[in-house]
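Trainee: Before I ask anything, let me first share the structure, which is written out below as structure tokens.
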Amino acid sequence: MATPYIILKKLMDLNQIRVISFEEQDVPFSFHKEKFMRKRILAHVMPFKSRQSRCPVCGKSCPGYDYQSNSEITWRAPNVNGYEVLLCYRPKRIQCPE
């Protein structure tokens, strides 16, 4: 039996990152002055160890020195079966010689 973790990873094609945890939230929204609730999935992700300290420009492995901020950065991913999906990640700052 497939777990929700495996289903999310396969549907989102998350090959180079690992899903640390995920949670489901109810989010209020309004449409024509009526209030509704919809579901949202927050997936907390992190790249594999071999990909963590790579420079986004040159692609080389660089030394990292700290995390960018105390809060996570969130990206919107494609919806999965009507659920809004957000990927949350705390990027590590690196020092690239180039």
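The values are calculated or read from the model by the stated rules, or taken from the named source; none is laboratory data. Remember, it's a predicted structure, so these values are computed and weren't measured experimentally. When we count neighbours, we look across all protein chains shown, and the Cβ atoms used for this are built from the backbone with ideal geometry, even at glycine. Just so you know, the surface numbers come from the protein's heavy atoms only, side chains and all, with ligands and any DNA or RNA stripped out. Shrake-Rupley method; radii C 1.70, N 1.55, O 1.52, S 1.80 Å.
Trainee: I want to check the label-to-label distance for His32 and Gln95. Put each point 7 Å from Cα in the C-beta direction and report it in nm to one decimal.
Mentor: For His32 paired with Gln95, the spin-label model returns 6.0 nm.
Trainee: Could I ask something else about it? Please state the charge dipole magnitude for region 30-98, taken about the Cα centre, from unit charges on C-beta atoms (+1 on K and R, -1 on D and E), reported in debye and rounded to the nearest 20.
Mentor: With Lys and Arg at +1 and Asp and Glu at -1, about 160 debye.
Trainee: Would you please name the chymotrypsin sites (Phe, Trp or Tyr not before Pro) within region 26-98 that are DSSP coil residues with at most 16 other C-beta atoms within 10 Å of their C-beta?
Mentor: Of the chymotrypsin sites (Phe, Trp or Tyr not before Pro), the ones in loops of region 26-98 whose Cβ has at most 16 other Cβ atoms within 10 Å are Phe48.
Trainee: Express the accessible area of region 16-98 per residue in Å², computed with a 1.4 Å probe while the remaining protein chains stay in the model.
Mentor: Value for region 16-98: 75 Å² per residue.
Trainee: With a cap of 10 neighbouring Cβ atoms within 10 Å, and only residues DSSP puts in a loop, list the trypsin sites (Lys or Arg not before Pro) found in region 18-48.
Mentor: Those that pass, being in a loop and sparsely packed, are Lys33.
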